[in-house]
């Protein structure tokens, strides 16, 4: 290969590394003015786990708005900045148009007019509350499986509005402009009231109005505590030793001084409103120092998670996978060796990011790689890419790279959509709280899914390629070898994974096999893979038939992965969303169409039967 | 073409066809589960010879028959054994396939024996309570109890299978006769009863003033039948001394006098007594802070066995069952504001078969597929030695 070609084969990957470097630099850059970067790294407890404000903000925005950004020219630039605005300048935050309404009936109920962006702000929706609340109550009393799209949309909007309101009360009390002085005043007044109350108990003369004043203040603070679900103040020991901001204020009365966290948030709020970046950043620094001494683990984890959020390695991987795919495709037309090698290297860079992302998640959660639907998508892509890379090293024809990048990109896209419904680093419920089975059953069965999808994708390449004319012998034999090999692996992984699931069930509730929809789905994958192999060994199908069957494997696996969750019954039921059902159906129909392509016979002389490998 | 049975039963075509039918069965059973619930589906699809598949969605029904689980299982076993005796002589290079298929056979047998020998029951214990029996939540028994001296009781337990309209149970001096039996029912005070309710009324006991009506059996998984029987107590050679309404809806027994002694009776979930007792000392249920996601459930218990003299504490929690007395106790649930624990009590003498089978099939598959891979690499190296 000429020097120019060799250079190109290294240049393209080098450009990718530059791209990544610039993304990392952008993510780790300190902000000018108000230090939202370090603000985002502050740890709080929400949804049962310690997480940085950055994750809290991002997940809320994803859930409410579907994106991590806020629209508007003067909008906060980062999710953490938005959270600060929400808590410290709620009047402005309420004007941000982040609540989408797509359903016409719902729009009609709110009496709003159709906006260009289809998104509305909290202040626009506030007048609609008297109309929304009774509807939400009515719908909430019925079974969620029976809700119409309008009802689903309304309940989602109500849930998001509630979440928004709760976040608003997490770090500050709306309407209070000078929190630090209010807090300090609170301490002295309650202290004084307690002294008066002691006088009363001792039978001495006491000041009634002091006590009344104090009790109305206390009521305000207690009400405040019911309006948020975020625990901001670390006190006591362990994961449960966190208090909400209003509760920590009440706790402070006993100690006679504000907790450093309570003080910090009040100062941050005041500084924000005064647009005083020096005060804001110094309050931040003081609190960080306290955290470093008293809660170093929480701070370290939060910082790592914030960095992870900012770099967003999975999105970077997606870009690289697209590039790898394009290089691989073009390598079949032009500059074969150069683009093939470039494609593989770009794939590997993307894969490294993918792996680092996976490892970071494992570290943050303290768990094996697959713990929920989101992480299963990440891992399926990861597993498929490893297998395809092995195939690519074996066959060296860019097919492995092409398939790897397609599966990698698609699964990361699915993962992104799954992340819209909540915190992807959520805690594991009791029955799943066992790292051993998560590491064995879940990982192995996910590899089974990954390899069945991989075989199906390679088969799609074969069937589509076939439309453009007879496939040359070497390519056909390599595709055939790949599909056969991957299906063998898929049989092994899906069988062992399914049986390990049964053994886990036996350890957990004494029943190896319960005919649960998810169990049945996994069994279908095992049986289908076995059918393909037995049909091949029995000479019932040849090359083309095997490819068609492998594509059907995609349908079976997607049924098991997503379809079984949508039935609303069994142990793995996550409920039914219209969007997921729609895309699943589209996918399955597309696979059927590809299979149909395969059923069209070739014209011309009969192809001699290809060598069939019998076992043993 | 003449039908040659051995060739037919040992053919790969049969294997593929049977496996294909198995997929159809499993898929249809999964979909049907939404409507019918798991127990019904298991009986209709997996433990049957022929399963009926309702292909018309909606109110109208149109059933087509497909092979049921039992039929498919038996044919697959025959096919497996026939194929092996035809093609796989006991040779070393066939060892992989033999191990794989033996493992699968073992697993199928394991499931069959679990179905026959296994038994699942529940133990519902309140904090501070000591219990020496498990209950079967889906079965009831009609018990007639005679308190004896020394606080002991003689219990006559009539299994649900024997409860029918008109059944008679002579108990020495009198007979308990079932006037009407309702496998599932609704019980309402008389004043609220509509025409759908039976006219029969109890004259004694807790059921006085209530009316009963028949209901179809519950199929949804987390609902239980309300089993009721209207019974007469008839002393030998005399007339009915009263009519009682017995039901598992009533907590506690109902009293009557017969043959000169006090008795009590009730319908309750079928019990299985053990030679030991379990006392619940404390049930704890931690949630993740600020959520209702359970972090753990655990039951601190005491095992009391007068036979062996045991009196020891133990902890049962998720993924950590207690194995005792040939039974395994799993933390299954809880109720009453975290003061009652529910254990799943399982007897399964063949529990180890799936573990052995998994190991055999897994190792067998790895062995066979590695051989393929090695051959493939060797073939490739012969064609084009690596540059």
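A few notes on this one:
- Span from the the range A:295-367 Cα centroid across to the the range A:13-56 one, whole angstrom: 17
- Distance between the C-alpha centres of the range B:42-84 and the range B:259-322: 39 Å, rounded to the whole angstrom.
- Extended-chain gain in nm, criterion 0.36 nm per residue less alpha-carbon gap, residue B:91 and residue B:129: 7.6 nm
- Rg to Rh, two decimals, where the range A:386-496 supplies the alpha carbon set and Rh follows Kirkwood: 1.08
- Stokes-Einstein diffusion coefficient of the range B:273-353, Kirkwood radius over Cα pairs, 4 °C, 1.567 mPa s, in µm²/s: 94
- The relative contact order of the range A:408-544, computed from alpha carbon pairs under 8 Å that lie at least 6 residues apart in sequence, is 27 percent.
- The mean sequence separation of alpha-carbon pairs under 8 Å and at least six residues apart, normalised by the residue count of chain B, gives a relative contact order of 17 percent.
- Shape of the range B:117-167, Cα gyration tensor, a/c cut at 1.5: oblate
- Dividing the mean sequence gap of close Cα pairs (under 8 Å, 6+ apart) by how many residues chain A holds gives a relative contact order of 12 percent.
- Semi-axis lengths (Å, descending) of the ellipsoid that matches the C-alpha gyration tensor of the range B:66-120: 25, 15, 7
- Ordered by the number of other Cβ atoms lying within 10 Å of each residue's own Cβ, fewest first, B:34, A:483 fall into the sequence B:34, A:483.
- Counting beta carbons within 10 Å around each of A:327, B:358 and listing the fewest first gives the order B:358, A:327.
- For the range B:166-276: rounded, prolate or oblate by the Cα gyration tensor [a/c cutoff 1.5]: oblate
- Fraction of alpha-carbon pairs over 14 Å apart in the range A:487-537 - percent: 52
- Mean-position separation - Cα centroids, the range A:192-247 and the range B:99-166, in angstrom: 55
- D_trans [Stokes-Einstein, Kirkwood Rh over alpha-carbon pairs] for chain B, 20 °C, 1.002 mPa s, µm² s⁻¹: 82
- Prolate/oblate/rounded call for the protein assembly as shown, Cα gyration tensor, a/c under 1.5 rounded: oblate
- Residue B:162 versus residue B:62: modelled label distance in nm, points set 7 Å from Cα along the beta carbon direction: 4.8
- R0 of 35 Å, Cβ-Cβ distance residue A:435-residue A:390: FRET efficiency to nearest 0.05: 0.80
- Per residue, the convex hull spanned by the Cα atoms of the range B:1-68 measures out at 104 cubic angstrom.
- In terms of other Cβ atoms within 10 Å, A:437, A:242 run from fewest to most in the order A:437, A:242.
FYI, it's all coordinate maths here, none of it is from the lab. Since we're looking at a predicted model, the values are computed, not measured. So basically every Cβ, Gly included, is an ideal-geometry build from the backbone, and we count neighbours across all protein chains shown.
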